[in-house]
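Trainee: Take this structure first; my questions come after.
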Amino acid sequence: MNVVKYVKVYMNLMDPKAYILNLTNGADQNNRGGFNKSFYRSIAFILMLVPLNLFSQNIVSRKKYTYQIREEIGDLNNDGKMDKITVNMDTTDNSQPLRLQIFLSENQGKLTLALTSDQAIEPQYPVENQRKYNGFQVPDFIIEKGILKMWQEIKGGNITYHFKYNRGNFELIYVEKLTSDIAKSYFDENTIFTETKFDLIRGIRTETDEHFGSGKVLSIRKKTVLIRPLPRLQDFKFSDKNRY
């Protein structure tokens with residue numbers, strides 16, 4: 001078990017508030033002239049357009065993934081051309097959501113967008129957590145021998161997903177997870193690490209326990225878990241970590 005992978009330094013903008021205009025009837029009941037009636041209709045129509053326009057602008061500007069956090073270059077589909085992965089943050093949203101995008105190279109090196117996902121990576125300040133910092137840094141991405149690896153922190157450890165390009169999809173083929181039973185802020189000889197290796201192609205999930213730094217295996221558990229079809233990165237959610 002490579003415990004070094006477990007020990008990693010943890011790293012650590014404003015959404016405009018939405019206002020609602022309450023329109024009330026304030027016409028003079030004693031004045032029913034044609035001019036006033038048209039006037040009030042015109043004013044009402046204009047006032048209706050203003051909040052609608054503001055609302056539509058808010059929708060358009062709501063998600064601005066302009067701040068780049070990650071970029072990785074490598075061959076993802078084994079065609080000998082360099083592809084690209086980017087992770088961008090929307091700094092205008094208080095939850096700071098993250099967008100993963102994959103670009104594949106075509107003829108003459110032109111990059112074409114192959115995948116966009118706003119759900120693969122957990123926002124830094126998720127709404128489900130009352131917009132408090134989730135405690136985890138933005139995942140790292142590595143392209144190695146045609147495999148896209150996504151390394152991310154989880155509670156008590158970390159997890160690495162291996163995705164392989166196959167017929168237009170990025171399929172999850174392997175998962176590595178390292179967790180511990182640590183209840184304090186340091187490791188000692190009594191700390192037990194659990195390494196999980198899940199081969200989704202074969203459908204074999206193996207868990208190995210050992211004491212920190214001892215190299216001595218305490219127990220091994222092997223289980224058959226068949227998932228078909230293989231999960232796709234296109235459909236992957238950050239909460240899926242609990243499945244593996």
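No lab work stands behind these numbers, since they all come straight from the coordinates. Only a predicted model underlies this, so the values are computations on that prediction, with no experimental measurement involved. Note that we place each Cβ from the backbone using ideal geometry, even for glycine, and neighbour counts take in every protein chain shown.
Trainee: In whole Hz, with x marking every Gly and Pro, tabulate ³J(HN,Hα) for the stretch 65-80 from phi via Karplus 6.51 cos²θ - 1.76 cosθ + 1.60, θ = phi - 60°.
Mentor: Each residue's phi maps through the Karplus curve to give 7, 9, 9, 7, 9, 9, 8, 9, 10, x, 8, 8, 10, 6, 10, x Hz.
Trainee: Also, I was wondering about something else. Under a 5 Å amide H to amide H cut-off, with H placed in plane at 1.01 Å, what residues pair with residue 204 once short-range neighbours are removed?
Mentor: Correct list: 199, 225.
Trainee: Shifting gears a bit: Can you work out ³J(HN,Hα) from phi for every residue in the stretch 104-112, in order, using Karplus 6.51 cos²θ - 1.76 cosθ + 1.60 and θ = phi - 60°, giving whole Hz and x for Gly and Pro?
Mentor: Whole-Hz 3J(HN,Hα) from phi for the stretch 104-112: 9, 7, 10, 4, 6, x, 6, 8, 10.
Trainee: Provide the per-residue ³J(HN,Hα) series for the stretch 161-171, in order, calculated from phi with Karplus coefficients 6.51, -1.76, 1.60 and θ = phi - 60°, each as a whole number of Hz, with x at glycine and proline positions.
Mentor: Values, residue by residue: 9, 10, 10, 10, 6, 8, 6, x, 10, 9, 9 Hz.
Trainee: Something else: Which far-off residues, 5 or more places away or on another chain, put their amide H under 5 Å from the one on residue 69, with H placed in the peptide plane?
Mentor: Excluding prolines and chain starts, which carry no amide H, the hits are 87, 88, 89.
Trainee: How much length, in nm to one decimal, is gained on full extension between residue 221 and residue 133, taken as 0.36 nm per residue of separation minus their Cα-Cα distance?
Mentor: 28.2 nm
Trainee: Moving to a separate point now. Given points 7 Å out from each Cα along the Cα-Cβ axis, report the residue 118 to residue 190 separation in nanometres with one decimal.
Mentor: Going by the 7 Å Cα→Cβ label model, 4.8 nm.
Trainee: Anything over 29 Å Cα to Cα? Flag those among 132/164; 84/223; 145/197; 155/197; 64/197; 84/132, in the order listed.
Mentor: 132/164; 84/223; 64/197; 84/132, as the Cα separations exceed 29 Å there.
Trainee: Over all directions, average the projected area of the Cα convex hull of the stretch 108-244 and note it in nm².
Mentor: For the stretch 108-244, averaging the hull's shadow over all directions gives 10.8 nm².
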